[in-house]
1. With Cβ to Cβ distances under 9 Å as the rule, what net charge do the other residues near Val75 carry (K, R +1; D, E -1)?
2. Mind checking the full-extension length gain between Arg109 and Asn166? Use 0.36 nm per residue of separation minus the Cα-Cα distance, one decimal, nm.
3. How big, in percent, is the set of alpha carbon pairs in the range 105-180 lying more than 20 Å apart?
4. Could you give the radius of gyration (one decimal) and Dmax (whole number) of the Cα atoms in the range 38-180, in Å?
5. Could you sort 64-71, 80-87, 121-128 so that the peptide with the highest average Cβ count within 10 Å comes first and the rest follow in order?
6. Would the range 48-97 count as rounded, prolate or oblate if I go by the C-alpha gyration tensor, calling it rounded below 1.5 in a/c and otherwise prolate when a/b exceeds b/c, oblate otherwise?
7. Pull up the DSSP beta bridges for the range 61-180 and report the antiparallel fraction as a percent, rounded to 5.
8. How high is the relative contact order of the range 44-180, in percent, with contacts defined as C-alpha pairs under 8 Å that are six or more residues apart?
Amino acid sequence: MNKKLFKFLFDGRIFWLLRGLIFKLFVKKSGFFYLGKPIYIHGLSRLSIGNKVGIFPGLRLEILPNGFFSIGNNVSIGQNLHVVVKGDLSIGDSTIISGNVLITDLENRADQVNYRYSDREEIVKDVYIGNNCFIGYGAVILPGARLEDGCIVGANSVVKGHYHKNSIVAGVPSKLIRII
């Protein structure tokens, strides 16, 4: 037996593929994808997954009522991605997301200081991540972020705002480093 085939069958990734095939029955739209565990997914029917998508272990996906999450083709998602969606969140084709990344389109009003944080009004701002983007390890993508095609986000950056095509952004809060 071929060494690569043997390794694929017996290192656990065959189960990732089977898990992806089972989840395919419940998502709104999907292509071929694999899914590592452990996972937590809420709102599976409001998820669209493209073809050739790899999702490594530790996914926590919360698609709240009225939310929709779309993942394009040829996307690679690293370990421990946490996503909270109440509006629309879209990840374009051929994007790579490193490990320990948080993406959310939901925030609470900061100006309601007389309320407990959990009782404050929620604000939903759609998030868009374009084609061929790279999101560095530990990045946080906040509500309203818009990363056009080819954007690169540095490790541990906190991203909010609109960044044009082929921008490199980094920092807390993120700033435009340069356009390539």
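1. Result for the neighbourhood of Val75: 0.
2. Here the segment from Arg109 to Asn166 would lengthen by 17.4 nm.
3. Working: 979 of 2850 pairs.
When every Cα pair of the range 105-180 is considered, 34 percent fall beyond 20 Å.
4. Rg then Dmax for the range 38-180, in Å: 14.7, 48.
5. 80-87, 64-71, 121-128
6. Since a/c reaches 1.5 but b/c is at least a/b, the shape of the range 48-97 is classed as oblate.
7. Working: 7 of 36 bridges.
Roughly 20 percent of the beta bridges in the range 61-180 run antiparallel, per DSSP.
8. Relative contact order for the range 44-180 comes out at 16 percent.
Every read-out reported here was derived from the displayed coordinates using simple, explicitly stated rules and does not represent laboratory data. Predicted model only: the values in this text are computed from it and were never measured. All Cβ positions, even for glycine, are placed from backbone atoms using ideal geometry, and neighbour counts span all protein chains on display.
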